[in-house]
Every structure is written in C-alpha cells, then in structure tokens.
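Undergrad: Please see the structure below; I have some questions.
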Amino acid sequence: MTRTISIFGATGSIGDSTLDLIRSDRESWNVVALSANCSAEKLAQLAREFDAKLAVVGDENCLPELREHLSGSGIEATGGAEALVEAASRPVDMTVAAIVGCAGLAPTMAAIEQGNTVALANKEALVSAGDVMTAKVAEHGTTLLPVDSEHNAIFQCLQGNDVADVRWITLTASGGPLRERSLDELAAVTPEQAVAHPNWDMGAKISVDSATMFNKGLEFIEAHHLFPVGLDRLRIVVHPQSVIHSMVEYRDGSTLAQLGPSDMRVPIASTLAHPRRMDTQCEPLDLAKIGELTFFAPDEERFPATKLAREAAHAGGGAPAVLNAANEVAVAAFLDGQIRFTQISAIVARTLDNYAPAAPQSLDDVLAVDTEARRHASAMLEPA
Ligand code: NAD
Ligand code: MG
C-alpha cells in the first residue's frame, strides 16, 4: 500500500537521510510536498526525482529561482512562511518535520492539526512550544514519532511497558568534539572545530549544539514532553562512542537500551515503517570492532548548557522558549565569527535572567516569546 508523505527541511541532513530511505522503497511512498529554506536548485531536483506535487521555499526571495528550476515540470512552487504552513496543512499520511530551529514550529503545528502521523526531528519546535504542542497532539489524536536518536531509542525501549513503571530515563550524550578541552581552550575554539563531530554528520546548528551540550539540554526538555515521567527521573550520561542511543530503567531494576550505528537512517526508518520495520543499507553494529563502551558524568562547569536547560525545564513558563531562542541567536553569531564559543552559554544564561515570560498558551504566544527573547539575546552580541 502506498502512503503519502511531506518532508519539511528536505534539503538538510535529516531530509537527505529520509529521502535516501524513500528512494530505497520508492513504491511505498507518494511524495506530496518538499520544502527548503532557499536551496532552490537542490529542492527542484528532489521534487523532480520524487515526483512531488509541491515544492516550497521558506524564503520568499528564492521563489523565482525555484520556479525557474521547476519550469515545465508541472510541479507547483510556493514560497514564504505562510506557504510553508499551507503546505503542511495539505493532507498526508505522514509529515517529516526536519526544519532546523523555531522556524519549523508553525508548519509542524499545522501538520499536527491534520491528526495523522508526524515524525519529529525539529526538537527546537517542541522545546519552544512544550505543552502548547503536546496539547495539540492530544486534541487531534496525532501520532507523534520521535526521530531524534535518543528519543527514538527511549520510544522503542518503552514499547510494551508502562511509563508508571519507569525509574529512570537516561539520555546518552556523545559529549561532542570538544569533550576533553579545558575552559581556556574552549574560549578559543573556531566554528570549524566546533562543527567537526566525531560520530555524526549533521547540519551546522545541531553540530554546534552538540559541541556546547545545548543539544543534550534541548533533548532533556524534549524528553520531558514526549515521555511524562517527571523531570526528576530524567538524567544524562556521556557515552563517547554513541552506540547506546538511550536507556530506560524500570522499577524492578531492568534497564532496556537501544543500540545501533551512528546513522540517522536507523531512527528515521523506525518512524517510516512504524509499527513494523524496514530494510536499511546501514552498517551493521560490530561490537567486537568497537571494543569498549565508556560512560562519564557530564561536566557542567565546562559545559553549563545541560544545567541551564534543566533549570529552564523546572522554571517552566516561557523559559524553555527563551533558552531555545537565545541559543539560536548565539549559535548563529558564533558561526558568523561575532562571539566566542564560551559566550554562547553566557548569552543564553543572561537572556534567561533578563526575560522570564509567563507560560505561552497558544502558538502565537510562543512565537511572541521567541521574538522577544531573540531581541534580548541579539542586544548582547559583542565583538569576540
Ligand atoms: P540542516 O541544517 O542540515 O537542514 C535544515 C533544513 O531546514 C534544510 O532543508 C533547510 O533548508 C531548512 N531550513 C533552515 N532554515 C529554515 C527556515 N528559516 N525556514 C524554512 N526552512 C529552513 O539541519 P539538520 O541537521 O537536518 O537538522 C534538522 C532538525 O533535525 C534540527 O532541528 C535538528 O536538531 C534535528 N536533528 C538532526 C539530527 C542530525 O543528525 N542531523 C539528529 C537529530 C535531530
Ligand atoms: Mg539527538
């Protein structure tokens, strides 16, 4: 049986992995919409290859170029933030939410409102919207499947069990490429060094998040919303090999873990085939070759991000949206050479101190908090 699918953020790293899986199982899928921010040529190429009905660029200025690349194809082309939301409202069996950042929130919410299945990679959307998003999921009876490898692992380890029996959920963290650097060394890290992840090949923003540990901080908040066991039952352990993607310990002392290669096609495949399994071309796990699995407690002095995220999660209200927005601004400034690596967490901390909005009640509230937090964080950018 063929199913319909739309992919938002189709030209990114998660988009690539998703389309690679669809390519290997072409007859099972009918592609409706594909989106990018501006990579018009790549988007048009993908839309042609996958015979999409619609291609959307988030940046309206890139629409003429997209139209040019699609001329004669019969594929519809649209552009702009509203066009993304409109595309996400077109009925499909499954939506893959793989835009990076809070920019993906409005289309993800529109996809959730369809009441079908949403595979969520766009963690920033869930971190910012929190209860506003989970309430939408419940209201529409939507199936929300986590793509993030840790949350996908936890989701798998919870199958057939009851969250009431969970003692601990342990998120594993690779620790990123700068795990062994001193604070002084961290201050001098360049964007090139920060994005050079030892295990995963990812987009620039999440690569920096992985180096600062904000990725794990965002994932902590993401886990809190996806798996309601309470913040005090969530913990983080550094596991540099990224073989165990996360674990669930139950009240009887049993711990279930999900293991796999560091290849996002594995968790994505589990969402595409859910509740079945599908073949992938991923390297099989060779534990004898890996040899050792090691574990460390996170060092929150050198990497304060997980502490800031835990505090924001406990504070609740608009704090997680503020943390996310400030981090997005700071990461962009770091990648642009405007600030030092260690200023990222400092800017996030100061933004959280200066701006403590009430809990957002609607999508518009979340977007307003996001905008205001960006204003606060941007005002703090100083030359490196
Ligand atoms: P990426 O930078 O490779 O791709 C991002 C995609 O979003 C691209 O298609 C880009 O065109 C689009 N985009 C960017 N800004 C946009 C905007 N303002 N409006 C509309 N579209 C926009 O990022 P990625 O690594 O694929 O990550 C995507 C999401 O998945 C992120 O939220 C990330 O945290 C999450 N994620 C990624 C990985 C990974 O291995 N790459 C793993 C887990 C979770
Ligand atoms: Mg992850």
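Undergrad: Name the single residue, out of those in region 37-60 being over 24 Å from the mean Cα position of the chain (by Cα) and charged (D, E, K, R), that is farthest from ALA83 (Cα to Cα).
TA: GLU49
Undergrad: So which pairs qualify, if the first residue must be in region 42-57 and closer than 13 Å to ARG23 by Cβ and assigned by TED's automatic domain parsing to the domain that holds LEU19, the second must be part of a helix (DSSP H, G or I) and among the β-branched types (Val, Ile, Thr), the Cβ gap must be under 9 Å, and the two must be at least 6 apart or on different chains?
TA: PHE50/ILE22
Undergrad: Right, another one. Is it the case that LEU183 is surrounded by 15 or more Cβ atoms within 10 Å (Cβ to Cβ) and not assigned by TED's automatic domain parsing to the domain that holds ILE339?
TA: no
Undergrad: Right, next: Suppose the filter is part of a helix (DSSP H, G or I) and either within 15 Å of ligand 1 (Cβ to nearest atom) or crowded, with 19+ Cβ neighbours inside 10 Å (or both); does GLU192 pass it?
TA: The answer is no for GLU192.
Undergrad: Continuing with this model, one more query. Considering only region 159-189, state which residues are in contact (Cβ under 8 Å) with a residue 60 or more places away in the chain, more than 20 Å from the chain's Cα centre (by Cα) and not in a loop (DSSP other than H, G, I, E, B).
TA: Residues satisfying the conditions are VAL163, ASP165, VAL166, ARG167, TRP168, LEU183, LEU186, ALA187.
Undergrad: Follow-up. Six or more apart or on different chains, Cβ atoms under 9 Å: show the pairs whose first residue is in region 98-118 and within 16 Å of GLY9 (Cα to Cα) and whose second is within 16 Å of ligand 2 (Cβ to nearest atom) and among the basic types (Lys, Arg).
TA: Matching pairs, first to second residue: VAL100/LYS205; GLY101/LYS205.
Undergrad: Then there's this: Taking only region 100-113 into account, find how many residues are away from ligand 2 (no atom under 16 Å from the Cβ) and either of a type in the set (A, V, I, L, M) or over 17 Å from the mean Cα position of the chain (by Cα) (or both).
TA: The qualifying residues number 8.
Undergrad: In region 229-245, is there at least one residue being in a loop (DSSP other than H, G, I, E, B) and within 13 Å of ligand 2 (Cβ to nearest atom)?
TA: yes
Undergrad: Take region 1-51 and flag every residue that is closer than 14 Å to ILE268 by Cβ and modelled with pLDDT under 95.
TA: Those that are closer than 14 Å to ILE268 by Cβ and modelled with pLDDT under 95: none in region 1-51.
Undergrad: For THR108, are the conditions met, namely being part of a helix (DSSP H, G or I), among the polar types (S, T, N, Q) and within 21 Å of SER270 (Cα to Cα)?
TA: In short, yes.
Undergrad: Please list, ordered by first then second residue, the pairs with beta carbon atoms under 9 Å, 6 or more apart or interchain, first in region 291-302 and under 14 Å from GLY176 (Cα atoms), second modelled with pLDDT under 95 and part of a loop (DSSP other than H, G, I, E, B).
TA: Note: no pairs meet the criteria.
Undergrad: To continue, here is another question. Go through region 93-113 and count every residue that is on the phi > 0 side of the Ramachandran plot and surrounded by fewer than 22 Cβ atoms within 10 Å (Cβ to Cβ).
TA: Counting residues in region 93-113 that are on the phi > 0 side of the Ramachandran plot and surrounded by fewer than 22 Cβ atoms within 10 Å (Cβ to Cβ) gives 0.
Undergrad: Also: Could you say which residue among HIS245, HIS197 is within 30 Å of VAL132 (Cβ to Cβ) and in contact with a helix residue (DSSP H, G or I) (Cβ under 7 Å, 6 or more places away or on another chain)?
TA: After ruling out the rest, the residue left standing is HIS245.
Undergrad: Could I ask something else about it? Hey, could you check region 114-134 for residues that are in a helix (DSSP H, G or I) and within 16 Å of ligand 2 (Cβ to nearest atom) and say which is surrounded by the most Cβ atoms within 10 Å (Cβ to Cβ)?
TA: Among them, the one singled out is LEU126.
Undergrad: List every residue pair whose Cβ atoms sit under 6 Å apart, with the two residues 6 or more apart in sequence or on different chains, where the first one lies in region 210-235 and is within 25 Å of VAL189 (Cα to Cα) and not assigned by TED's automatic domain parsing to the domain that holds VAL331 and the second, anywhere, is within 12 Å of ligand 2 (Cβ to nearest atom) and outside any helix (DSSP H, G or I).
TA: Pairs that qualify, where the first residue is within 25 Å of VAL189 (Cα to Cα) and not assigned by TED's automatic domain parsing to the domain that holds VAL331 and the partner is within 12 Å of ligand 2 (Cβ to nearest atom) and outside any helix (DSSP H, G or I), are SER210/GLY176; SER210/HIS197; ALA211/GLY176; LYS216/ALA173; LYS216/ILE236; GLU219/LEU171.
Undergrad: Next question. So, in region 207-228, of the ones that are surrounded by 24 or more Cβ atoms within 10 Å (Cβ to Cβ) and among the hydroxyl-bearing types (Ser, Thr, Tyr), which residue ends up nearest to ligand 2 (Cβ to nearest atom)?
TA: It comes out as SER210.
Undergrad: Just a yes or no: is a residue in region 302-311 assigned to a helix (DSSP H, G or I) and either modelled with pLDDT under 95 or of a type in the set (Gly, Ala, Ser) (or both)?
TA: yes
The values are calculated or read from the model by the stated rules, or taken from the named source; none is laboratory data. Predicted model, so just to flag it, every value in this text is computed and none were measured. FYI the Cβ positions are ideal-geometry reconstructions off the backbone, even for glycines, and counts take in every protein chain you see.
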